[in-house]
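To keep things clear, I will list the structure first and then write my remarks on it.
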Amino acid sequence: MGTLCDKCAAIFQGSSMIHDLDNPGSHHQNLKSLTEAAASGCKICEDLLRLTMKGGHETIIASRPWFYFYFALPGDNQHQVCICCCRDDSINLSSTEVSEYYHLTPGASIRVDRTIADRRGSLSLASSTKIAQDWLRACSAQHAQCTAPKQPGFYPTRLLELQDSSVRLVLTAQQTPRGPYAALSYCWGPPPYTFIRLTTSKIGPFQAGILDAQLPLAFQEAIKFTKSLGFRYLWVDCLCIIQEGPGSQEDWVHESTRMQDVYANCLICLALYRASSPNESVFLGPPPDFAAPLVVKTDGLFFDGTSSNHETLVVPRRYFRSGLLWQPLGRRAWALQERLLPPRVVNFSVGEISWTCKELLYASETFPGGLAHLSGPLVAVLGKPLILSTSKFDDVILTWFEIVTEYTWRRLTYPESDKLVAISAVADRIGQAMNDDHVEGHFMKTMTRSLYWSHCSSFTISGRWIPTLRTKLPETNERQRIFHRPPTWSWASARDVVFFDPIRFEQVQETTPRKHAEVLADATVFSRASEAGDMPSESPSTLRLAAFLIRGTLTYRAGTDEAHMARKDSSAQSFRLESAESTIDFARFVVLADDLDHVSWQGSEAVFCPLFWSNYDRFDQECDDRVRGLFIVKTDKTEDGEAVFERVGCGMIVFNPGSTWANLAEELKLKRSTVLLA
């Protein structure tokens, strides 16, 4: 049983569920009281104190009280409670300085191995191998949605054949492997790279064989684990794709287009989440800086029809986030598709391994049977199987939007050249599901709605608001000769986190006959032809957009002070219609700039291009009509004598109750015309 202080024990009782955000419950009165409870062994207070000290919040909240409140979750037998401390006298989420969320579920319904926490951060090869074998055996024999082990119909160009104390490079076109292969997902770490890699001159020596001892530590550990599962072959990109020497660029381009096949056809993928480079161990490391899941006695928290007394499982939100998703590999952009494409993934996290396949989500050594009901915003997209049926078209494209948001939160060493390449394998899979082609990060059938993407001006991480760059990618990059710079209308041109409005174009409520969304524009993409065979074009694609063009001027709202102008406050931006006679009192424009330094916000001529309208928001709640679209400005470039524009932001027209897009189109006498975007 988990050890709790009186304050924490009181939280996990049915009588405390009356406390919500409008009526929070009292926890410790100050940091000193919480610190004393942690010293006495309270696991929850230990967790909160660790979070406070790690973030350097102790001075700000030294005398501030702690409080808690419950969140409603779908389903009868799960709750979520937040324990937090605010930086001022207000009690609301926006002023929270330290917070942690705990998921609660009846303990009897979940298999729990409470001994895993005793490892204090280190993995056991023997026990981890055994449970991985159990998961693999059960998945292969019992999971209808998961493919059974068999001879793959596809093999990568090169594989490593695992021998007693060495590995040998196999060219699969010359020597067909016998049996399945595993793939590795890991962090390269920052350049320069000192670990051994495949070069043109080393192909011969690699084919002859290299000792395991010549490989970096994480690779040696992965090879031991792979062999213990009974696999003979392993794919590792730096050892199976030529990294340096004549022909290396061509080989990298060719192999990067095969990533979907490489990861989709492996029997299992080993994801080395904990190591920030191949030189670090994934078996050994410091103890976790978050609380282990614990089981506590509760009264009245859950009802099963016979008794209100339960053992309740308490899982900190950071169990998955800090232990897995925010480990080095979880922040790497390339690793997202390496997680989504394989049929099975074994994750090497802090102190234990975990497992994901189509039927068993978020299983770990602590929870061998999984914890699918605990999926949160960051966890859900990682465990969500890709939708391969087009019966619900909106579900497919909304899945893509979620993936792009998660992807743009992650890091790339070479964002200028790799932004689209590192997600292309997932895009290929989504394209197959929709029977559609993708260009510059967009799908043709949904181009108009996906053009409406926006930057995140701030991003929530562990309860803290983290500001983002809100800028475009730099103009130059080292590898621009290989991959072109994305056009401004592509989300890949942004440097920070990108969001889409998940408006459903399918009918939201079956009982409501009227439309909820409608496309107002058409888009055609002209991709540049490449002159280098398989090498991609270096020039960005051009988009021809047919839309109702509304001309005007980007400016600041009336009454905006100089301080807001100096810091280019996005809340102060405005769009004034071109015609002074056009006075529209039933609608207003909202501007969301891409790069606040890109244009002068005092008088730049711009065009608003409506893309679609809807009367439902992202939460499927009915609202007043809104038209979403792009703000574009003319460049000094032309194409076949036609002016070329570029995107500088997105925005919307918000209508007053009773007014619609049709009223505005009639008032401004709008007609559809075309414009080129680069």
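Note on Asp118 and Ala62: the model spin-label points, each 7 Å out from Cα along the C-beta direction, lie 4.1 nm apart.
Put simply, when 191-199, 495-503 are sorted by average Cβ atoms within 10 angstrom per residue, most first, you get 495-503, 191-199. Based on C-alpha pairs under 8 angstrom that are at least 6 apart in sequence, region 1-78 has a relative contact order of 42 percent. Other residues within the sphere of radius under 15 Å centred on the Cβ of Thr115, judged by their own Cβ, net out at +1 (K and R +1, D and E -1).
Annotation: lysines with alpha-carbon distance below 20 angstrom to Lys7 (same-chain offsets under eight excluded): Lys32, Lys43, Lys297.
Can you check what the net charge comes to around Arg544, using other residues whose Cβ is under 13 Å from the Cβ of Arg544 (Lys, Arg +1; Asp, Glu -1)? The answer is -3. For the cross-link pairs Lys445/Lys671; Lys54/Lys419; Lys54/Lys224, the ones whose C-alpha atoms lie over 29 Å apart are Lys54/Lys419; Lys54/Lys224. Report the relative contact order of region 198-265, percent, no decimals, based on alpha-carbon pairs under 8 angstrom and at least 6 residues apart. Value for region 198-265: 44 percent.
Rule-based calculations on the coordinates, nothing more; no lab input. This structure is a prediction, so every number in the text was calculated from the model and none was measured. Cβ sites come from the backbone with ideal geometry, for glycine too, and all protein chains shown count toward neighbours.
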